[in-house]
Amino acid sequence: MAKKPARSGLKVSPFFTRGKTAESLVRWKKTDAVIRDPQGRIHFEMKGIDRPESWSQLAVEIAASRYFRKSGVPRSGHEKSVRQLVDRVVNAVTGAAKRQKYFSSSNEIRNFSEELRYLLLTQRAAFNSPVWFNAGLWEAYGISSDNTVYAWDDKKKAVRAYRNAYERPQCSACFIQSLEDSIEAIFDLAKTEAMLFKYGSGTGTNFSRLRSRYEELQSGGTSSGLISFLEVLDRGAGAIKSGGTTRRAAKMVVVDIDHPEVPEFIDWKMKEEEKARVLIAAGYPSDFEGAAYKTVSGQNANNSVRITNKFLKAVKEKKSWPLLARTSGKTVREFPAKELWDRIAKAAWACADPGLQFHDTINEWHTCPADGEIRGSNPCSEYMFLDDSACNLASLNLTKFFDDQGVFDAEGFQHASRVMYLAQDILVDHSSYPTETVAIHSHRYRPLGLGFANLGSLLMRLGIGYDSEEGRAWAGMLTALMHGTAYRTSAEIAESKGAFPGFKKNKTSMLRVLRKHQKALDGISWPLLPEGLRETCKEVWSDTLKRASVTGVRNAQATVIAPTGTIGLLMDCDTTGIEPDFSLNKRKKLAGGGEVEIVNQSVEPALRKLGYNEQEIKNTLNCVKRMNSVLPCADLKPEHRAVFACATGPDALSPDAHLKMMAAVQPFLSGAISKTVNLPAEATVEQIENVYWRAWELGLKSVAVYRDGSKGGQPLSAAKTAPTENPFVKCPECGSPTELHSGCYRCSNCGFSVGCA
């Protein structure tokens, strides 16, 4: 057996900064920020913001309105520059790295600090929102929050309580919490959910341990049942805005397919949606903050049903399916499996819920099965791990690693992945958690979620269709390289700091899953990609497995594809996460307020890449601006139309295009993918059934759909709007239209995201 190397501190090269300070490499300017509602009233205003010149007006306004600290800052009272915001976050991470002794020297710490600062200032990467909300407030400004939280004490080598929630800030966006079958546990969950929402995070729970209303209580009588308690917790979530001034609470409700109340759970939101439609028809406002939706229940969570392979076999064979008592395990009710399957599709057709989570597929890729099954997920279904755990997310902006000619900077991409991953791991033990158990599990397993944004925009700029073998090859390669680099970094940290405490017990499974990821490289269509990338990925994964086999890895999980709702706007991404573009027309924010409608910034470089001349480009851009589609554009060759296909509109991508892109990426992720499969209004229940079945066949861990017009809160339908309009839900903050991305309604005016962590 190879001898374990002696432990030493980590090193970081000044790859982007080349020994200079990050701020000196950025051109700066002053900007005023004004966000107005559709009636022209000022929603937010700040003058003289110091910002990088390359940032758009919208990105500056998102930073200022969402992430600048608005109170308690010495002298000014509030943060007033992007420089100040980024310094606060970077200094918090760097300070934690010093205390945790991550790096080999002060020079390495300085290199790490400047490289991280450069990535954030140049919009190459961004942390999840809770980092921007909370990190560094105590260190930079002495701001405190009188709440009891739990965090790892490196001196005592144990988790302990802290009374100041900003001394050890909540930095993870994603939580999964357990729930036992008792009144005490239910209301303890309500308390911890409130804490998570308060500081800007989302949480999910599998509620299947709760007894159904068909089961008896020990004290006599029957339980009030699953749905009754879900309604209570839904009301609690609806009363809280995550992060104080940021967004509505985000939560996930998961119920197993064998729970006695699963039929009622499947129908729950569909029936509540029917009530909301009646109220809307009677004249009540249709937006999510209006009386119609505030009157009905179930609107503050995403719902998912946990499906097993055994159930799907029963559907296929048209067998009966037993629903089992939570206490005795005996059959309480029985339904034809196909009837339950049809009900799921009918409900999703009617209101977009429930989504599906494929239990056996998820656990086939589980790195720590010795400590229990994966039973739940975060609100958007990308983080899937053990109960009572948390995940810190960060995302890379893919377009920033390609030059104007479309040449990929593989070395820079790997370096950025490594730097962000190091920062995420440092944050694990710097962060606080709402319960002692979550804090212990976070230290013990250290799951992380490095991911990316702007894939749809990147492919368009490269002149590649989202629904193409070449597009899927690029997506698979980029994810494989990011994932391999993340785990190589994890193994590198393990050489210095030790493997995660749960590694030894799960070593066999951990290495088995890593080899599955490595083996999946064979499924990428390498001949469609530039030479050298296959060897690069193979070398990364070979080194990762070699290191992991000797010293283990620092993290039980490494990657996910998150929705990148607000942080996508912060990074000036045209598209979120793994999504294609939603629509070719965008609204561009202007300095001092107001906006204009422009063609997606990726269309012009895509036309240049495809070889069009200046007049043809001008004609096509004008056509798209008028029609919001390339179909009527006379100068565009028919074979190029697929490059500009979007999630909605007359040339919308097929459901299978969404699913095949997810399947190209899924084998290179620890977690899953936050993604909406968009369907036109005329889609049938049978088509939704086909989407769900196809998702399982392709090896996806979860899937969610959205049929245009299925929510009463969507006042417009793509088929009936003017060419420049999209299906919108009104923003509950400023009243502007929003767009659906990865299950989140995102406002491009003020950055508010509904149902998205």
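The values are calculated or read from the model by the stated rules, or taken from the named source; none is laboratory data. Model, not experiment: these values are computed from the prediction. Cβ placement follows ideal geometry from the backbone for every residue including glycine, while neighbour counts extend to all protein chains displayed. SASA here: full protein model, heavy atoms, side chains in, ligands and nucleic acids out. Shrake-Rupley method; radii C 1.70, N 1.55, O 1.52, S 1.80 Å.
Would you point out which residue out of Leu653, Leu631, Leu636 is in contact (Cβ under 8 Å) with a residue 40 or more places away in the chain, over 30 Å from Leu511 (Cα atoms), among the aliphatic types (A, V, I, L, M) and not in a helix (DSSP H, G or I)?
Leu653
Taking the residues in the range 26-41 that are in a strand (DSSP E or B) and under 27 Å from Leu119 (Cα atoms) as candidates, determine which candidate is most open to solvent (accessible area, probe 1.4 Å).
The selected residue is Lys30.
Which residue out of Arg375, Arg326, Arg306 is open to solvent by less than 10 Å² (accessible area, probe 1.4 Å) and under 27 Å from Glu180 (Cβ atoms)?
Working: Arg375 fails: open to solvent by less than 10 Å² (accessible area, probe 1.4 Å); Arg326 fails: open to solvent by less than 10 Å² (accessible area, probe 1.4 Å).
After ruling out the rest, the residue left standing is Arg306.
Residues that are open to solvent by 30 Å² or more (accessible area, probe 1.4 Å) and either more than 22 Å from Cys391 (Cβ to Cβ) or in contact (Cβ under 8 Å) with a residue 12 or more places away in the chain (or both), at least 1 per element: which strands (runs of 3 or more DSSP E) completely within the range 109-173 meet that?
146-153, 158-164
Could you list all residues from the range 289-300 that are in contact with a Gly (Cβ under 8 Å, 6 or more places away or on another chain) and closer than 21 Å to Gly202 by Cα?
Matches in the range 289-300: Tyr293, Lys294, Gln299, Asn300.
Taking Phe452 as the residue in question, decide whether it is in contact with a strand residue (DSSP E or B) (Cβ under 7 Å, 6 or more places away or on another chain), of a type in the set (Phe, Trp, Tyr) and outside any helix (DSSP H, G or I). Talk me through it step by step, then tell me what you get.
Values: in contact with a strand residue (DSSP E or B) (Cβ under 7 Å, 6 or more places away or on another chain): yes; of a type in the set (Phe, Trp, Tyr): yes; outside any helix (DSSP H, G or I): yes.
Yes.
Matching residues to (1) assigned to a loop (DSSP other than H, G, I, E, B); (2) farther than 25 Å from Thr576 by Cβ; (3) in contact (Cβ under 8 Å) with a residue 40 or more places away in the chain:
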residue	(1), (2), (3)
Leu356	no, no, yes
Thr361	no, no, yes
Ala370	no, yes, yes
Tyr383	yes, no, yes
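Considering Val624, Val665, which residue is open to solvent by less than 20 Å² (accessible area, probe 1.4 Å), of a type in the set (Val, Ile, Thr) and over 22 Å from Pro379 (Cα atoms)?
Going through Val624, Val665 in turn, just one is open to solvent by less than 20 Å² (accessible area, probe 1.4 Å), of a type in the set (Val, Ile, Thr) and over 22 Å from Pro379 (Cα atoms): Val624.
Taking the range 427-449 on its own, how many of its residues are at negative phi, assigned to a loop (DSSP other than H, G, I, E, B) and surrounded by 24 or more Cβ atoms within 10 Å (Cβ to Cβ)?
Going through the range 427-449 one residue at a time, the tally reaches 4.
Limited to the range 42-89, what total is found for residues that are of a type in the set (Asp, Glu) and either open to solvent by 60 Å² or more (accessible area, probe 1.4 Å) or part of a loop (DSSP other than H, G, I, E, B) (or both)?
Residues flagged as of a type in the set (Asp, Glu) and either open to solvent by 60 Å² or more (accessible area, probe 1.4 Å) or part of a loop (DSSP other than H, G, I, E, B) (or both) within the range 42-89 amount to 3.
Out of the range 522-561, which residues are crowded, with 19+ Cβ neighbours inside 10 Å and either over 28 Å from Gly498 (Cα atoms) or among the basic types (Lys, Arg) (or both)?
Ile524, Leu533, Arg547, Arg554
Counting just the residues of the range 581-600 that are touching a Lys or Arg at 6+ places or on another chain (Cβ under 8 Å) and either among the aliphatic types (A, V, I, L, M) or at pLDDT 90 or above (or both), which one comes out nearest to Ser65 (Cα to Cα)? Before you say what the answer is, go through the steps one by one.
Of all residues in the range 581-600, those touching a Lys or Arg at 6+ places or on another chain (Cβ under 8 Å) come to 585, 593-600.
Within this subset, residues satisfying the condition of being either among the aliphatic types (A, V, I, L, M) or at pLDDT 90 or above (or both) are 596, 598-599.
Details: Val596: 20, Ile598: 23, Val599: 25 Å.
For the range 581-600, the residue satisfying everything is Val596.
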